[in-house]
Every structure is written in structure tokens, then in C-alpha cells.
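The structure under discussion appears below in the form of C-alpha cells.
The values are calculated or read from the model by the stated rules, or taken from the named source; none is laboratory data. A quick note: this is a predicted structure, and the numbers were derived from the prediction, not measured. Cβ: placed from backbone, ideal geometry, glycine included. Neighbour counts: every protein chain shown.
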Amino acid sequence: MAKQLGARPRIGLLGTGPWAGHTHAPALAAHPDVEFSGVWGRRPEAAEALAAVSGTRAYEDVDALFAASDAVALALPPDVQAPLAVRAAAAGCHVLLDKPVATTVAGAREVTEAVEAAGVASVVFCTLRFAEPTASWIAERAAADGWFLGEAHWLGSLYGSGSTSEYAASPWRREKGGLWDVGPHVLSVYLPVLGDVTEITAARGPGDTHHLVLRHASGASSTATLTLSAPPEAAEAALTLYGTEGRAEMPRWNGAVDAFGAAVDALVASARTGAPHPCDARFGLRLTEILTEAERLTARD
């Protein structure tokens, strides 16, 4: 049974890596309307360190953190996240998930089914849907008709020459590449504006690069080039829509900490009202289905 939220919902954090340390923990610690109830990590010493700088406590037992929380945020590799999200939902905790929810359709479906069975709220933290000004831009474009074409390229340089990013040490990003790491960002914009994906064509490029051509339920088509291996000099994230409204370029967005705070607000609102959020676990499942099909189309022997 889903937990009822008090005046200041208790939200715990699962994960202690760079994303948790730079985004989730600071946002939870600074949020005026929630209580940061604690941190759990696969490395207890990392959980202790993150909890100390965040003004909360560390838990060695994840079930104890579930018991002490009304909701949990997850900042874990996707296929570690999925089974823990299932356990959190079964404990009655509302869940704030990271993207992708899982890298298998079965894993993402298990999360969705657990959330629905428990009646808990869920939100998937697709940054562009919560950051400003991109969130407002997406909502305005989704309210307009007549879109004909979308073009996107997300050229990350995580594995480019000379990169010193701490995220480069992430095993799942190394294995799955830009398709799974930045692909959800692009899809989180295209789907609300152009409609669900009905057809996919995909091809591989250099390194982990993937080129996607998508057909949407609205009749529009879109393209996306996704990579984490671009030269640093070429790194860029851009998305443009074309249609009867003319040409619309997605604006730059502000930092992820404020965006995560907005995602916390969205989860709390969904838990209080019972109204599902557009970026819920079912949306996360759909993203996984699309990415899985693109990966299948480009599989190499």
C-alpha cells in the first residue's frame, strides 16, 4: 500500500556516485518542503561520506531506508535501479527514477507493474522535462499542431580524446553508450511533441554513435544522432522542430539540481493527487522499448 505523505515528505536516496553527489543529494538537502531521510549505497563508506556532507544519515540496510522514507530517489545504474525500485514500491515508497529505468524491456516492465500494483507514484527524471526553460518550451510545442520534422544531435564527448569526466568510469555507460545514456533525453522531447514512435530505422556510426530515423503517430518524422565519443571540440546537444509554426530550436537549459528539485515536486504532487505524471514508470518503459528496438537493429556480430 502506498504511503501517505505528511506535511514534509521523507525522501531517501539510493546511490552515491557522481550523479547522486552532484545532483540528487544537493537538491534533496536544499529542498524546503521535504525531509532528506537518508542515503544508501552499495559502498557503505561512500554512503557515510555523502550523508555527512548532506546533513542526513547513512543506511547499510536498504529496507531500513525504505521504512524510514515516504519516497525514494534512485541514482544507480539502470539494471541495479530496476530491482531496487520494485522493492521500494512493494514497501509503499513512491519512486523517483533515473533514466533509463532499465536496459531490458523485462526489467522496465517489472518496475511498471510493481508501481501499479502498489499504487505508488512514479516519476522518471528526464532532465529536459523538468529543467527550465526546456520544460516550458516542450509544453508549448506539444500544445501546437502541424509539426512535420524533428532533427536532433546529442554529441557527448565523455569518451572523446582528452576527456577527464568522472562519468567516464561508469561501466554501464561504457557498455551501452550514447544510445542509452542520451537517447532518453531526445525521446523525452520527441514523444510529447510528435507522438509515440511507430517505426524505427537505425544505423551505427563511429565509436558508440547511433543514427535513428523515427516515424511518429502524428505522421511527423524525426532524426537523432547520439554519441558519447565525439571530439570535445564538436560536443553539442541540439534539437530543432519544423512545421507550420516555422522553425523552433530547443533552448539551452539551466543546471540539473534545480531540475531535480522540480522532479521532486512532481512526484510529491502525483502522490498527493493520485494523478499519474506524464514522465512516469510507464513512460520509462516505453523509452526502454524504443531503445531496445534501435539496439536490435544495429546489433553487430
Mind checking which strands (runs of 3 or more DSSP E) fall wholly inside region 1-91 and carry at least 2 residues that are surrounded by 20 or more Cβ atoms within 10 Å (Cβ to Cβ) and among the small types (Gly, Ala, Ser)?
-> 35-40, 71-74
When residues of region 275-301 are filtered for being small (Gly, Ala, Ser), under 17 Å from LEU96 (Cβ atoms) and outside any helix (DSSP H, G or I), how many remain?
-> 1
Within region 180-210, restricting to residues that are touching a Lys or Arg at 6+ places or on another chain (Cβ under 6 Å) and of a type outside the set (S, T, N, Q), the one that is nearest to LEU158 (Cα to Cα) is ASP181
Lone unmet requirement of (1) under 29 Å from GLY21 (Cβ atoms); (2) in a strand (DSSP E or B) for LEU212 | (1)
Can you tell me which residue in region 238-267 is surrounded by the fewest Cβ atoms within 10 Å (Cβ to Cβ), limited to those that are over 24 Å from ASP280 (Cα atoms) and of a type in the set (A, V, I, L, M)?
-> ALA238
Taking region 116-150 as the region of interest, how many residues are out of contact with any helix residue (DSSP H, G or I) (no Cβ under 7 Å at 6 or more places or on another chain), over 14 Å from LEU191 (Cα atoms) and either in a loop (DSSP other than H, G, I, E, B) or in the same structural domain as SER222 (by TED's automatic domain parsing) (or both)?
-> 4
Apart from one, (1) farther than 30 Å from ALA248 by Cβ; (2) without any contact (Cβ under 8 Å) to a residue 60 or more places away in the chain all hold for SER136; the odd one out is (1)
Options LEU5, LEU13: the member that is aliphatic (A, V, I, L, M) and closer than 27 Å to ARG173 by Cα = LEU13
How many residues, within region 215-237, are in a strand (DSSP E or B) and surrounded by fewer than 13 Cβ atoms within 10 Å (Cβ to Cβ)?
-> 1
Residue by residue through region 151-174, note down the ones that are free of Cβ contacts under 8 Å to residues at least 60 places away in the same chain and either among the hydrophobic types (A, V, I, L, M, F, W, C) or in the same structural domain as LYS99 (by TED's automatic domain parsing) (or both).
-> ALA168, ALA169
Looking at (1) more than 17 Å from the chain's Cα centre (by Cα); (2) surrounded by fewer than 20 Cβ atoms within 10 Å (Cβ to Cβ), which is the only condition ALA271 fails?
-> (2)
Would you call GLY207 outside the structural domain of VAL120 (by TED's automatic domain parsing), assigned to a loop (DSSP other than H, G, I, E, B) and modelled with pLDDT of 95 or more?
-> no
Count, please, the residues in region 100-122 that happen to be touching a Leu at 6+ places or on another chain (Cβ under 7 Å), surrounded by fewer than 24 Cβ atoms within 10 Å (Cβ to Cβ) and within 25 Å of ALA46 (Cβ to Cβ).
-> 0
Filtering region 191-201 down to residues that are within 9 Å of ILE138 (Cα to Cα) and touching a strand residue (DSSP E or B) at 6+ places or on another chain (Cβ under 9 Å) yields VAL193
Verdict on ARG282 being surrounded by 14 or more Cβ atoms within 10 Å (Cβ to Cβ) and of a type in the set (Lys, Arg) | yes
